[in-house]
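Below is one structure, written out as structure tokens; comments come after it.
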Amino acid sequence: MTQVTERRTMKDFARFMKILVTEKYSEAEVIRLVTDNLNIHKEKSFYETFSEEEAKQILDKIEFHYTPKHASWLNAAEIEINVMDIECTGRRIGDMETLKHEVDSWTKRRDEHKRKIEWKFTRKNADEKMSKYYVK
């Protein structure tokens, strides 16, 4: 990625987040953003796009959560959604208010118990699984 493309991408990300914070979810106290560790997903993007004051106002509403560098963010998201479905939403829920309450309660319990994904797939596992594809 060239520096020009990277800067444009950083600014696009920051502008998109501004829309979420100021328009789409303006009523939210905080937006919890789960993202990978790509450099554009850092506070620097906001300070390079907006004035310091505007960047700070936007960032005050965002809580960043970065996926592990050694794991696919998509896998982490899919695992968490599956757990939520098993423990919370895997049934008919009749209205949005009940759904929000159930998911909020589930999230609070999960956070209180400091539940997290325990990654067990190692490089050794990958080497063994993929060895048939290696050229000798």
> Counting Lys and Arg as +1 and Asp and Glu as -1, what is the net charge of the other residues whose Cβ lies under 12 Å from the Cβ of Asp85?
Replying inline: -3
> Lys61: which aspartates and glutamates have alpha carbons under 14 Å from its alpha carbon, excluding same-chain residues fewer than 8 sequence positions away?
Replying inline: Glu23, Glu27, Glu29, Glu43, Glu53
> If we count every other residue with Cβ under 10 angstrom of Phe64's Cβ, Lys/Arg +1 and Asp/Glu -1, where does the sum land?
Replying inline: 0
>> Going Cα to Cα from Lys42, which aspartates and glutamates come in below 13 Å? Please leave out same-chain ones fewer than 8 positions away.
In response: Glu6, Asp12, Glu63
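Where the only charges are on Cβ atoms (+1 Lys, Arg; -1 Asp, Glu), what is the dipole of the chain about its Cα centre, to the nearest 20 debye?
Roughly 840 debye, rounded to the nearest 20.
Kyte-Doolittle mean at least 0.0 and Cα extent at least 15 Å along the axis: which DSSP H helices of the chain qualify? Present the calculation step by step, with values, prior to reporting the outcome.
Numbers: long enough: 3-19 (24 Å, -0.78); 73-84 (16 Å, 0.63); 96-112 (24 Å, -1.81).
Answer set is 73-84.
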> How big is the charge dipole of region 1-66 about its Cα centre, in debye rounded to the nearest 20, if each Lys and Arg gets +1 on its Cβ and each Asp and Glu gets -1 on its Cβ?
Replying inline: 240
> Taking 1 over the mean of 1/r across every pair of different Cα atoms in the chain, what Kirkwood radius in Å do you get?
Replying inline: 18.1
> Which is farthest toward the positive dipole end of the chain among Ala76, Thr98, Ile40, measuring Cα position about the Cα centre, with Cβ charges +1 (Lys, Arg) and -1 (Asp, Glu)?
Replying inline: Ala76
>> With an 8 Å Cα cut-off and a minimum separation of 6 or more residues, compute the relative contact order for the chain in percent.
In response: 20
>> Using the alpha carbons of region 90-136, what is the convex hull volume per residue in cubic angstrom, as a whole number?
In response: 132
> So, with +1 on the Cβ of K and R and -1 on the Cβ of D and E, and no other charges, what is the size of the charge dipole of region 28-99 about its Cα centre, to the nearest 20 debye?
Replying inline: 240
> Could you name the lysines in cross-link range of Lys124, using Cα to Cα under 20 Å and dropping any fewer than eight places away on the same chain?
Replying inline: Lys69, Lys132, Lys136
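Every number here is computed from the coordinates shown, using simple stated rules; none is lab data. This structure is a prediction, so every number in the text was calculated from the model and none was measured. All Cβ positions, glycine included, derive from the backbone under ideal geometry; neighbour counts span all protein chains shown.
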